[in-house]
1. Residues with amide H under 5 Å of Ala43's amide H, sequence separation 5 or more or different chain, H placed in the peptide plane at 1.01 Å from N; which?
2. Which whole-Hz couplings ³J(HN,Hα) result when phi for each residue of the stretch 41-51 is put into the Karplus expression 6.51 cos²θ - 1.76 cosθ + 1.60, θ = phi - 60°, listed in order with x for Gly and Pro?
3. From the phi angles alone, apply the Karplus equation (6.51, -1.76, 1.60; θ = phi - 60°) to the stretch 6-20 and give each ³J(HN,Hα) in whole Hz, x where the residue is Gly or Pro.
4. Using Cβ counts within 10 Å as a stand-in for footprinting exposure, how do Val4, Val33 rank, fewest first?
5. If I compute semi-axes √(5λ) of the Cα gyration tensor in Å from the structure I just sent, which labelled value in (i) 28, 12, 11; (ii) 32, 18, 10; (iii) 33, 13, 11 lines up?
6. Give the long-range amide H neighbours of Glu52: residues separated by 5 or more places, or on another chain, with amide H under 5 Å away, using H modelled in the peptide plane at 1.01 Å from N.
7. Given +1 on the Cβ of Lys and Arg, -1 on the Cβ of Asp and Glu, and no further charges, what dipole in debye does the chain carry about its Cα centre, rounded to the nearest 20?
8. With n ≥ 4 as the cut-off for DSSP H runs, can you work out [θ] at 222 nm for the chain, using -39500 (n - 2.57) per run divided by the number of residues, rounded to the nearest 500?
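What follows draws every value from the coordinates through simple rules; no lab data is involved. The shown structure was predicted, so the numbers you read here are calculated from the model rather than taken from an experiment. All Cβ positions, glycine included, derive from the backbone under ideal geometry; neighbour counts span all protein chains shown.
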Amino acid sequence: MQRVWSLASDGRWYSLEELAKRLVLSVVQVRMVLDFLVKYGFAEWKDELETEFRIKADAPSPCEIAKVLRYFARERRLYEGSAA
């Protein structure tokens, strides 16, 4: 996911094939990442044919979101442990 994000986070429209070729990944692998990014609001398809995709300009990196969630999970475990 990070490789797709790093390449495509410039706001340009990309095709699946272009990303797959540039990242040396299969179209299926890239499609799985793009489906995730679109589903959770990080990216969008240009049209209903889903021929081109781009990262939304104001979208935070999924990796940064994961770091924040891990931090909160750790803090919650610490809090619950101290309340016992």
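1. Val38, Lys56
2. x, 7, 8, 8, 8, 5, 8, 5, 7, 6, 8
3. Computed from phi, the couplings for the stretch 6-20 are 4, 6, 9, 7, 8, x, 6, 7, 10, 8, 4, 4, 4, 5, 4 Hz.
4. Least to most surrounded, the residues fall as Val33, Val4.
5. Among (i) 28, 12, 11; (ii) 32, 18, 10; (iii) 33, 13, 11, the one calculated here is (iii).
6. Under 5 Å from the amide H of Glu52: Lys46, Asp47.
7. 440 debye
8. Per the formula, -18500 deg cm²/dmol.
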